[in-house]
Structures are given as structure tokens and as C-alpha cells.
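The values are calculated or read from the model by the stated rules, or taken from the named source; none is laboratory data. Note that the coordinates shown come from a computational prediction; the quantities given were computed from them, not determined experimentally. Heads up, the Cβs are rebuilt from the backbone with ideal geometry, glycines too, and the neighbour counts pull from every protein chain shown. Ligands, DNA and RNA are stripped out before the accessible areas are found, and what is left, the full protein with its side chains, is counted by its heavy atoms. Shrake-Rupley method; radii C 1.70, N 1.55, O 1.52, S 1.80 Å.
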Amino acid sequence: LNPNDRKYVVLSIFGFITLLFLGKLFSIQVIEDEWKLKSAHLTESARDIYPARGIVYDRHNRVIVDNVAAFDLMVIPRQVKDFDTLALADLTGLTKEEIIKKLDKAKRYSRYKASEFIAQLKGDEYIKISENLSEFPGFFARTRTLRKYPHHSASHILGHIGEVNQKKIESDSYYKSGDYIGTSGIERSYEKDLRGKRGIEFVLIDVHNNVKGKYSNGDFDTVATNGLDLQSTIDIELQKYGELLMQNKRGSIVAIEPATGEVLCLVNSPSYDPNLLVGRVRSQNFRALSQDTLKPLFNRALQASQYPPGSTFKLIQALVGLEEGTVTPDTYHSCRGGYYFGRRRLGCHGHKSPLSMNYSISTSCNAYYCNVFKDILDAYPSTEDGYRAWRDHVAKFGLGQKLGIDIPGEKAGLLPKPDYYDRYYKKGGWKPHTIISLAIGQGELGVTPLQMANFTSILANRGWYIRPHLVKRVNGNALPDSLLQRNYTDISPQHYVPVIEGMYSVIEEGTGRGVRFSEDIEVCGKTGTAQNPFGKDHSIFIAFAPKDDPKIAVAVYVENVGFGSTWAAPINSLIIEKYLTGTTNRERVEKKMLDANLMHN
Ligand SMILES: [Zn+2]
């Protein structure tokens, strides 16, 4: 090649490379723009599909938590064209100013992404809007479901759902703004089972704002999966009956099936209709309920941990004494109007003396149990050693600890450790008489109604319990065995025999004889009256039946109404009767309980 030709070749190569670059540059620009358009289109046409939450059934397969259809009116700001603000105001019931404000808020969130314009419209509210939606480009409806509680009951068990908060969105990638989440009760603890899985679809929309089909044949869509159904352990009819009996009273009823740990009812009073916390009225009603001085949101059954167990605790005292060998069923103690220590007296009521264990239970003698408690502690080298041994036995009855029920908020109550008393009286400075009120279930003991029902269950089972629970099946599957283990006390089974005979005597001839309801069904019970330093005593009654094949164990706590035999015992026996026989045959007793208004106490 001559030099001239060489110059040509070099120039051609340069030219070729330049062309290549230009070509590449062009293609990058065009393709990227195309992609931008495509992704913008995807964003705008994306519609979340919300699954229906799982349904909750009671133990007899009656629906207790259901779903109803609801609609959110959504808006994509970029697609909004000039529209008749007044017409939209007329349709939605919003003011013109509210519409402008909501639209501004949506724009600030994103111009391409859909945001909620009006949430949780009920079917009839939505129909009117949907007929005219084509006049408002950029607006569309999203289908949701709302909870419905057909029995208007069991609010503290079922709990409720609310919009997920920012903190949760940041910590859990499943959730995004506008999602609902269980915030209490079963709705919260079984959230992952109940919520299902959100889906997404990409739609084609025409100029009239109508969906014309799927974008890209649905290639980008994911289906929504409905939540799993649950079966609760609750008997909703028993629950409703309990709520009726507790109307105009403060307190709680907890009933457990002893063989399984299944909670049959868990009643709190005052309470509220769970439907109040659904939909657009939720936040307004929640505010009103939380400001109510009667505290209807308070879950007494799980959280009233200041309740002393009162005389119902004498049953545990007897069992610990029997196990420690410091008392036998034939041990007699005398009671002359109470228990005397130093110059003080812990009073009792009039009854025969001296008395055996059986009679001490049926008549609920205070002096007898002061002796039992003191003898247990005195059998050890020091009060502290004795107390430690005593406390270990008592803790096995599930006191002073959370039982692990499957809804949130449970409190542990109080079963003091030795150092609790060291702080008040210094180490070695406390003797049996310092803490003698523990003998009769007073003093520092704090027990929730759930714990009371659970230890009644232990008595029914003669020495064990299964963790109380409110859900028995998830998606048709029974709970794993690991959740249904028996927890044993360290009291030998034979010691339960005289104590249960004592509980039987309570109903047959003792403090609970007013509540016998059947010749055929043997009921075992125990009254309690818990002293209340702030007012009238609390009325307590625990019972299980039938004696030899227990199907139900019940604890009833009624605040500020006096003796256990007056209110808690009849209410307890009505619950047992209703559960075992399907009905109640004591009109007079039932009417008295239903009519009683004890709120003023
Ligand atoms: Zn006595």
C-alpha cells in the first residue's frame, strides 16, 4: 500500500468506530426510554389483590369471626384529569376541601403509585360511587374484606385488626402501607395463619377508566392466597351466657376442659361488642372505649393479677401439708373464733371445733389453715427454708408465672420469693406469723382468674394441667403434641382424694350448698372471699364437675360484692349446669343473677 492508501484505511477504521459508538449510544437511549415507559406503566397498572383473612369457628363449628366485602377508593395522581370536584364530593360525602387535601397527600406519596383515597367503604356506600367511576379517570376501587362478629361477643378473646404501623412495615418486609394486621387477641397471635398472602395483578385500562384486560397476558401477576381457618376451643353459646350473667358486674369467668386445657369460655365484664372496632368507625370507637372509666378494654381474666385467691387457696395449702406430712386428713385443729398469735387474732366465723380436714374445707376455717401453713414452715431448720419448700410446691400449680395462653397480654401474678420478704423484714427477720395471711390466700398473693381456673383444672385432674389455650385447630390440623404436654404438680395423687372429698362437702353441706342443681351430677367447689383494702370484698367461687369424670372447671370472680357464696357461686353453678345439661332449670336463681346490677359497689 502507498502512504495515501494507508491514510484511507486509518480514516475508515476511525469512521467505523465512531459509527459503532453512535449506534450504541442511540440504542441505549431508545431502549432505556422504552424500559422507563414500561416500568412506569407497570407501576400504574399494578393492583394489589387482598386475600380474605381466615374464618374463626367455635368448638362446635359455628362461625364466630366472619368476613364482609369492603372497598377502598384508590387514586393514581398522574392519571387524574380535570374532574367535577363537586360531583365527587356529592358521591363520597367528602367536602371539596377534603378532596383537594386527599389528592395532595396522594401526590406527595407518589404520582405513579396508587394510594388510598377513601378506605373501607361498605357495599352500599360503594355501589353509588362505582356507577359513576368512569367520570373520574385515575380513580379505581380495590376490594378488601372487613371482619364481622355475628355473635357480638368474645371481644377480648378474638381481638381486632388495624392498619399496620410504620415500625412494623420497616421491620417486616411482608407488610406495606395500608395493610391490616392483627393487633390483639387471636387476630394477633395467629396473624401469620390468618392473613393469607397478598397477590398483585397488572391491568390494562382504557380512556374511560375501565379495566380492559390483563397487562402482558398476566405474565407479571401473582395470585392471592386466602388465610387459614381456625377452630377455637370456645363454646360461643356458653361464652354469651357468661357475658349475660356478668352484665352490670365487674369481674371474670374462666372455664376450662380439664382433660385438654381447652378454654370453654373466658368472660370479662365490662366488655364491648367487637363489631365496634371494625371499619371506618374503629379509631373513633377505640378512643371512646379506652377513655371509658369502666375499662371495657381491660382483659381481667388474664391481667387482673392483683386478685388474692382468698379461701380457694386453702385447697393448695391442704395438698402441700399432706405432701410434706405435716397434716393428715384426720388431723384436728381447734378454732375458737379464729387463730391467735402473740396478741393478735386472725378471725373466723362460728362453727364446730375442733375440726378435721374435710370439715375445715366445707366450712372454710381460717384457724385450721393458719396451723397447716405454720406447721409446714416449722418443719424446716429456718422459716426461709420452709418457705422455699412451700413455694416450690405452690409454683407447680401455675401460680406466680405466665401459663402461656395463646393470646397476648397475660400477667404472671405474684407468688413472692424469699428475698421479697427480706427486703421488708431483713434476712432472717420474718417468721411464719409475719406472713400468716398467706395461709388463707391473702397477703401478697396475686392470682389471675385464668390461673384460678387452671388450678381448679389441676384439682379436677388430680395433679396435672395442660397449658390453657383458645385455638385447637389451624387449617383443620390439631395442635402438635409438644403444645399439649401435661404439667404435673409434685403432690402425690392420693393426697387429692381427701381434698376433693372436702370440695364435694362444700356443695353437699358446706358454704356452697345453695348452688346444688342436680341429684345426678356431683359438683366439687370452694368459696372464696378476698379482702379488698379499697372497698367491699371480692366474691370468688371455683368448681369442677362431674366429680369422677370432670368435663368442666370454672373460676368466677366478682369484684366488690362481698361473700363468695352470694354471687360467684350461683354464677359458677349456672355455667356448669348450662354446659353439662345444655340448659338451666333454676329460674329464680338465674333471674336474680341476670337482674343484679352490682356496678355501684
Ligand atoms: Zn374456724
Problem set entry | Odd one out for residue 499 among (1) free of Cβ contacts under 8 Å to residues at least 60 places away in the same chain; (2) over 29 Å from the mean Cα position of the chain (by Cα); (3) in a helix (DSSP H, G or I) | (1)
Problem set entry | Output for segment 106-160, where each listed residue is in contact with a helix residue (DSSP H, G or I) (Cβ under 9 Å, 6 or more places away or on another chain), under 26 Å from residue 79 (Cα atoms) and part of a strand (DSSP E or B) | 115, 116, 117, 118, 119, 120, 121, 122, 139, 140, 141
For this session: Quickly run through segment 316-327 and pick out the residues that are in a loop (DSSP other than H, G, I, E, B) and buried (at least 19 other Cβ atoms within 10 Å of the Cβ).
Result: 326, 327
For this session: Go through segment 439-480 and give me each residue that's open to solvent by less than 10 Å² (accessible area, probe 1.4 Å) and in contact with a Gly (Cβ under 7 Å, 6 or more places away or on another chain).
Result: 441, 446, 447, 448, 451, 454, 455, 468, 469
For this session: Report yes if some residue within segment 182-190 is in contact with a helix residue (DSSP H, G or I) (Cβ under 6 Å, 6 or more places away or on another chain) and farther than 30 Å from residue 583 by Cα; otherwise report no.
Result: yes
For this session: Sort out which residues of segment 327-348 are away from the ligand (no atom under 12 Å from the Cβ), among the hydrophobic types (A, V, I, L, M, F, W, C) and modelled with pLDDT of 95 or more, and write them in order of number.
Result: 327
Problem set entry | Residue in segment 401-412 that is out of contact with any Cys (no Cβ under 9 Å at 6 or more places or on another chain), among the acidic types (Asp, Glu), away from the ligand (no atom under 12 Å from the Cβ) and in a helix (DSSP H, G or I) present | no
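Yes or no, residue by residue, for (1) over 29 Å from residue 479 (Cβ atoms); (2) of a type in the set (A, V, I, L, M); (3) open to solvent by 20 Å² or more (accessible area, probe 1.4 Å):
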| position | (1), (2), (3) |
| --- | --- |
| 173 | no, no, yes |
| 176 | yes, no, yes |
| 187 | no, no, no |
| 195 | no, no, yes |
| 203 | yes, yes, no |
| 211 | yes, yes, yes |
| 221 | yes, no, yes |
| 245 | yes, yes, no |
Problem set entry | Looking only at segment 349-363, and only at residues there that are open to solvent by less than 10 Å² (accessible area, probe 1.4 Å) and in contact with a Gly (Cβ under 9 Å, 6 or more places away or on another chain), the one that is nearest to the ligand (Cβ to nearest atom) | 360
Problem set entry | Any hit, segment 508-523, residues being among the basic types (Lys, Arg), assigned to a strand (DSSP E or B) and either at pLDDT 95 or above or farther than 25 Å from residue 437 by Cα (or both) | no
Seminar exercise, completed: Counting only residues that are assigned to a loop (DSSP other than H, G, I, E, B), among the small types (Gly, Ala, Ser) and buried (at least 16 other Cβ atoms within 10 Å of the Cβ), segment 563-591 contains a total of 2
Seminar exercise, completed: Of those in segment 481-493 that are open to solvent by 40 Å² or more (accessible area, probe 1.4 Å) and in contact (Cβ under 8 Å) with a residue 12 or more places away in the chain, the residue farthest from residue 186 (Cα to Cα) is 493
Exercise. How many residues, within segment 67-91, are hydrophobic (A, V, I, L, M, F, W, C), open to solvent by 50 Å² or more (accessible area, probe 1.4 Å) and not in a helix (DSSP H, G or I)?
Worked result: 2
Exercise. Given the conditions (1) open to solvent by less than 60 Å² (accessible area, probe 1.4 Å); (2) among the aromatic types (Phe, Trp, Tyr); (3) away from the ligand (no atom under 16 Å from the Cβ); (4) out of contact with any helix residue (DSSP H, G or I) (no Cβ under 6 Å at 6 or more places or on another chain), and given that residue 313 satisfies all but one, which numbered condition is not satisfied?
Worked result: (3)
Problem set entry | Identity of the residue in segment 371-400, open to solvent by less than 40 Å² (accessible area, probe 1.4 Å) and within 16 Å of the ligand (Cβ to nearest atom), that ends up farthest from the chain's Cα centre (by Cα) | 371
Exercise. What about residue 368, is it within 12 Å of the ligand (Cβ to nearest atom) and aromatic (Phe, Trp, Tyr)?
Worked result: yes
Exercise. Do you know which of the residues in segment 1-51 that are assigned to a loop (DSSP other than H, G, I, E, B) and not hydroxyl-bearing (Ser, Thr, Tyr) is modelled with the lowest pLDDT?
Worked result: 1
Problem set entry | Count of residues meeting criterion [surrounded by 15 or more Cβ atoms within 10 Å (Cβ to Cβ) and farther than 19 Å from residue 376 by Cα] in segment 328-337 | 0
Problem set entry | Residue check for residue 259: surrounded by fewer than 18 Cβ atoms within 10 Å (Cβ to Cβ) and modelled with pLDDT of 95 or more | yes
Exercise. Which members of segment 493-525 meet the condition of being more than 20 Å from residue 313 (Cβ to Cβ) and of a type in the set (S, T, N, Q)?
Worked result: 494, 518
Seminar exercise, completed: Only one of 528, 562, 535 is in contact (Cβ under 8 Å) with a residue 60 or more places away in the chain and touching a His at 6+ places or on another chain (Cβ under 9 Å), namely 528
